[in-house]
1. Within the stretch 31-76, track down each residue that is closer than 20 Å to residue 139 by Cα, under 15 Å from the mean Cα position of the chain (by Cα) and not polar (S, T, N, Q).
2. Can you run down the residue pairs with Cβ atoms below 8 Å, 6 or more apart or on separate chains, where the first is in the stretch 1-18 and crowded, with 18+ Cβ neighbours inside 10 Å and the partner is of a type in the set (Gly, Ala, Ser) and outside any helix (DSSP H, G or I)?
3. Let me spell it out: the conditions are (1) at pLDDT 90 or above; (2) in the same structural domain as residue 139 (by TED's automatic domain parsing), and residue 105 meets all of them except one. Which number is the exception?
4. With respect to the numbered conditions (1) at pLDDT 90 or above; (2) in the same structural domain as residue 14 (by TED's automatic domain parsing); (3) within 26 Å of residue 165 (Cβ to Cβ), which one is the sole condition not fulfilled by residue 122?
5. Which residues, counting only those in the stretch 111-124, are of a type in the set (Val, Ile, Thr) and in a helix (DSSP H, G or I)?
Amino acid sequence: MTAQALAGLLADETRLRVFSAVVLGAVTPAEITSATGVKAKDVTLALRKLTSGGLVADDKGQLTAASGTFKEVLRSPARAKRTAAAAEPGTGDESTDSLLRTFVDGDRLLGVPSRLGRRRTVLAHLAHRSFRSGERYPERAVNDILRVWSEGSGTDHVALRRYLIELDVLDRADGVYWLRAEAATGS
């Protein structure tokens, strides 16, 4: 899981409240409903996402917070190195760096270029910062990652996902997505 996916899971207020209740000791959906005041239906939906995202474990009806997910994200030196290197575009090409500074601010997309070549450059940059080569991602994880990027950009996560497929940056089959080999090597 990437830091963006983790943030995406907890960006929703309901999921954050449900996760907090689990961390504070609620072990059943009924206890979470009581502790948070969130409707039972919404608790169930939030738990489904949190469980599929690896933040909550369900052991025979007893819910627990899966703190290992946080440790995994924080401990990975490769991720930390990539994040630090990606803070500034630093591609070595002044024109590309200028384009990225125009449309990307840290882990937020400011907008999507209308020109196709520029759009591919910006979205390939986004994909390289969010997805690891050779790793497969369920659609939910892709949506969570892209929601974080798209917040405030004027483009929703569904459009970003579609652009990434259309521009041959990501590939998909049976609801699973991955970074294309050509995109991973930058060709």
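1. Correct list: 49, 50, 53, 54, 55, 73.
2. As it stands, the answer is 1/53; 1/54; 5/53; 6/53; 9/53, since those pairs meet every condition given.
3. (1)
4. (2)
5. 121, 122, listed by residue number.
The values are calculated or read from the model by the stated rules, or taken from the named source; none is laboratory data. Remember, it's a predicted structure, so these values are computed and weren't measured experimentally. Don't worry about glycine lacking a Cβ; one is built from the backbone with ideal geometry, like all the others, and counts go over all protein chains shown.
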